[in-house]
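One structure is given here, and the rest of the page talks about it.
The values are calculated or read from the model by the stated rules, or taken from the named source; none is laboratory data. On a predicted model such as this, the values are computed, not experimentally measured, just so you know. With ideal geometry, Cβ positions are generated from the backbone for all residues, glycine too; neighbour counts draw on all protein chains shown. Keep in mind that these areas ignore ligands, DNA and RNA; they rest on the heavy atoms of the full protein, side chains included. Shrake-Rupley method; radii C 1.70, N 1.55, O 1.52, S 1.80 Å.
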Amino acid sequence: MKIRHGEIDVLRAVAIVLMVLFHFVYDLKEFAGVNVDYRSPLWFFIGKASALLFIFISGLSSGFSKSPLRRGLKVLLYGMVITVVTYLFMKDEYVRFGILHFLGVSMILSPLLVRLSSPTLWGLAGSSAVLGFWFEEQVLNTSLMLPFGLMYDGFASMDYYPLFPYLAVTILGVLAYRYFYAERTEPLFPFRLDSAGIQWLSRNSLGIYLIHQPLLLVMIFLINFLRSNN
């Protein structure tokens, strides 16, 4: 019998709720002219926390996944679709290597990562973090290295999660699976989390991510249209 770990559902549900909330505030500022600063420490933390949770859970879930390559290619394809759509509507800041691109590539890499020893993974996590922070100070004349965290002068994107430093968070998720779930024959926590709402959010997090932004924008544009005609 497959064990369902309710705490992972909770983390994934929290991540999607925080992301929807952050994008709602972003849309209110950018498309409705509402005076709210989504770059303030609070909203920055909410947006970043949601993304880091998704990345960590992706690494954690790699140990449970039976088809990480297929799922990774699927997520990467969705990321490419977002690249095309944002290029058409927001050329200056279109998404080139956003959260879905990152998650897709990290899922594709996960079969290799799970085969490495724990000391090697810890070393890779530390190296990824250090490289990422160092790359932030470097400026190139090409966009070809954007997936790795090396930017060019004037680069801007509404969503950017390069492999370095964020691969470190994926690796921490892989290690968490190894230490807390790999040999476990019963749930990690003694209590059960049977909330239908949390499980629904967790199971449909990718679909919610893909459709929530268009729905928010349609709602905002509709409200603006009704206000302008009153």
**Message:** Looking at MET151, MET219, MET145 in this structure, which one is closer than 29 Å to LEU113 by Cα, free of Cβ contacts under 8 Å to residues at least 12 places away in the same chain and either surrounded by 14 or more Cβ atoms within 10 Å (Cβ to Cβ) or under 24 Å from the mean Cα position of the chain (by Cα) (or both)?
**Reply:** MET145
**Filter result for PHE164 (surrounded by fewer than 18 Cβ atoms within 10 Å (Cβ to Cβ), modelled with pLDDT of 95 or more, within 22 Å of the chain's Cα centre (by Cα) and of a type in the set (Phe, Trp, Tyr))** = no
**Prompt:** Which residue out of SER65, SER50, SER58 is out of contact with any strand residue (DSSP E or B) (no Cβ under 7 Å at 6 or more places or on another chain), outside any helix (DSSP H, G or I) and surrounded by 13 or more Cβ atoms within 10 Å (Cβ to Cβ)?
**Reply:** SER65
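Among the residues that make up the stretch 6-17, is at least one of them in contact (Cβ under 8 Å) with a residue 12 or more places away in the chain, within 24 Å of ALA196 (Cα to Cα), touching a Pro at 6+ places or on another chain (Cβ under 9 Å) and open to solvent by less than 20 Å² (accessible area, probe 1.4 Å)?
yes
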**Item:** Residues (open to solvent by 10 Å² or more (accessible area, probe 1.4 Å) and under 23 Å from ASP9 (Cα atoms)) located in the stretch 74-99
**Value:** LYS74, LEU76, TYR78
**Prompt:** Got a sec? Which helices (runs of 4 or more DSSP H) wholly within the stretch 137-230 have at least 3 residues that are touching a helix residue (DSSP H, G or I) at 6+ places or on another chain (Cβ under 8 Å) and under 22 Å from ALA125 (Cβ atoms)?
**Reply:** 163-180
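To keep it simple, each residue is scored yes or no on (1) β-branched (Val, Ile, Thr); (2) out of contact with any Cys (no Cβ under 9 Å at 6 or more places or on another chain); (3) open to solvent by less than 40 Å² (accessible area, probe 1.4 Å).
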{"position": "TYR177", "(1), (2), (3)": "no, yes, no"}
{"position": "TYR181", "(1), (2), (3)": "no, yes, yes"}
{"position": "GLU186", "(1), (2), (3)": "no, yes, no"}
{"position": "SER195", "(1), (2), (3)": "no, yes, no"}
{"position": "ILE198", "(1), (2), (3)": "yes, yes, no"}
{"position": "PHE225", "(1), (2), (3)": "no, yes, no"}
**Fill in**
Contact list, first residue from the stretch 174-185 and within 19 Å of GLY6 (Cβ to Cβ), second anywhere and part of a helix (DSSP H, G or I), beta-carbon distance below 6 Å, six or more apart or interchain, is ALA176/LEU60; TYR177/LEU60
**Asked** For the subset of the stretch 25-47 comprising residues that are open to solvent by 70 Å² or more (accessible area, probe 1.4 Å) and in a helix (DSSP H, G or I), which member is nearest to GLY63 (Cα to Cα)?
**Response** PHE45
